[in-house]
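J.: Sharing a structure here in structure tokens format.
We did not get these values from a lab; they are worked out from the coordinates using the rules stated. Fair warning: this is a prediction, and the values are worked out from it, not measured in the lab. Because the Cβ atoms are built from the backbone with ideal geometry, glycine has one as well, and the counts that use them run over all protein chains shown.
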Amino acid sequence: MTLTGWEAVFFWVFSIAALIAGLLTIMARNAVHSALFLISALVSIAALFILLGAEFIAGVQILVYVGGVMVLFLFVIMLVNVGAEERGRERLFNRPAQVTTTTVLALLLAFGLVYAVNQGYSGLKGKNSAALTQVEARRAIEQQELSSAATGTFKITKDTERVGGSLYRYASLPFEIASVLLLVAIIGSVMLARTIKQEAAVDDVDPEELKKQKSE
Amino acid sequence: MTNLLTPIFAFIFQEAATSRGEQIIQGIKNPDLSKFLVIGALLFIIGVAGVLSRRNIIVIFMSIELILNAANLNFIAFSRYLQDIGSVNAVAGQVFTVFIIVVAAAEAAIGLGIVIALYRNKETIWVDEIDLLKW
């Protein structure tokens with residue numbers, strides 16, 4: 001699996017963009033800026049997914065993360081950050097000792113992980129070199145077999161079809177469990193976020209408690 | 001001390017050797033699986049650093065999203081690798097990524113609900129001021 005030509009150029013552009021946006025996410029003073037940098041990091045990662053031939057996951061990433069989760073984040077930031085200007089001079093990070101420890105840990109992790117990945121990959125490459133030499137030929141045949149799009153200039157990939165088939169063939173029980181998980185998350189977040197007045201509206205607050213709240 | 005440093009110097013000189021240098025240039029021209037794994041690892045480390053060092057609880061949640069995305073990148077990269085070596089059910093990595101995205105969405109909804117409840121009760125989003133469980 002190697003990228004060639006323009007694919008390699010786009011790989012470096014998007015991966016460096018993702019790393020810089022990720023760094024700025026954790027360093028920005030304003031939480032809204034953090035959210036916007038995280039959005040650009042997620043879009044860059046979606047582009048990397050397209051380079052890896054996972055078009056469906058890239059679309060899901062854009063729709064769910066950028067369209068859903070990040071909008072939720074921005075809503076909550078704007079609900080919670082009332083008067084962020086006057087507190088703008090407050091400390092952004094934890095105590096200096098903690099930040100130093102974090103930096104040292106991050107650098108150690110970076111060196112260790114990069115070294116381990118390179119060592120492990122060279123072993124993996126040696127093991128599968130026979131199969132990897134025929135990749136180009138097999139990819140070319142697969143490209144030939146794809147049906148072309150309406151304009152005739154592009155081919156329609158089989159990625160979504162394969163993911164859907166695998167999802168329902170091998171992972172149908174986890175799929176159903178995920179739907180239950182989403183239901184639990186919806187009910188749970190509504191339960192957590194409502195006020196005591198809203199709870200009183202459905203009669204599950206002790207009237208005495210409510211009276212005490214009102215008098216305060 | 002010298003004993004400790006010898007393997008490190010050996011490693012650096014090995015890196016600088018010409019054949020090795022050509023290999024690195026080749027790796028930059030034709031990025032392969034290991035480059036994707038390195039990018040995923042670096043994103044993961046950025047997320048971990050954010051979780052450990054920031055005070056704003058919402059930014060900590062965003063760092064967690066970054067960590068999950070780094071894991072997704074690894075899954076997709078290995079899925080492509082398995083497709084290339086002709087494995088059966090090579091798209092399992094992509095299927096798992098779908099589940100990670102589902103769990104991340106659920107986690108964000110619950111976590112932000114907790115943040116709103118917390119802000120309503122304690123009027124703060126700085127994690128070092130939320131110390132009810134600290135003795």
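J.: In whole Hz and in residue order, list the ³J(HN,Hα) couplings for region A:100-107 that follow from phi through the Karplus curve 6.51 cos²θ - 1.76 cosθ + 1.60, θ = phi - 60°; x for Gly and Pro.
T.: Each residue of region A:100-107 in turn: 4, 4, 4, 4, 4, 4, 5, 5 Hz.
J.: Same structure again: Using modelled backbone amide H atoms (1.01 Å from N, in-plane), which distant-in-sequence or interchain residues come within less than 5 Å of A:K155's amide H?
T.: A:A149
J.: Could I ask something else about it? Between A:V66 and A:I156, what is the label-point separation in nm under the 7 Å Cα-to-beta-carbon projection?
T.: It is 2.4 nm.
J.: What is the list of residues in region A:150-184 whose amide nitrogen lies under 14 Å from a point 7 angstrom out from the Cα of B:V88, following Cα to Cβ?
T.: Within reach of a label on B:V88: A:170.
J.: Now for a different question. Around A:Y121, what is the net charge, scoring Lys/Arg as +1 and Asp/Glu as -1 over all other residues with Cβ under 13 Å from its Cβ?
T.: Here the count lands on +2.
J.: Now for a separate question. Beta carbons within 10 angstrom, averaged per residue: use that to sort the peptides A:158-171, B:81-94, highest first.
T.: Taking the mean over residues of other Cβ atoms within 10 Å, the ranking is B:81-94, A:158-171.
J.: For region A:106-181, compute Rh as the Kirkwood radius over C-alpha pairs and then the Stokes-Einstein diffusion coefficient at 37 °C and 0.692 mPa s; write the answer in µm²/s, rounded to an integer.
T.: 194
J.: Under 10 Å, Cα contacts only: if you run a Gaussian network model on chain B, which one of B:I57, B:I45, B:I28 comes out with the highest mean-square fluctuation?
T.: B:I28
J.: Which ³J(HN,Hα) values in Hz, rounded to whole numbers, follow from the phi angles of region B:39-47 under the Karplus curve 6.51 cos²θ - 1.76 cosθ + 1.60, where θ = phi - 60° and Gly and Pro get x?
T.: 4, x, 5, 5, 4, 4, 5, 4, x
J.: Taking every Cα atom in the protein assembly as shown, find the radius of gyration and the maximum pairwise distance Dmax, and write them in Å.
T.: Here Rg and the maximum Cα pair distance are 24.0, 81 Å.
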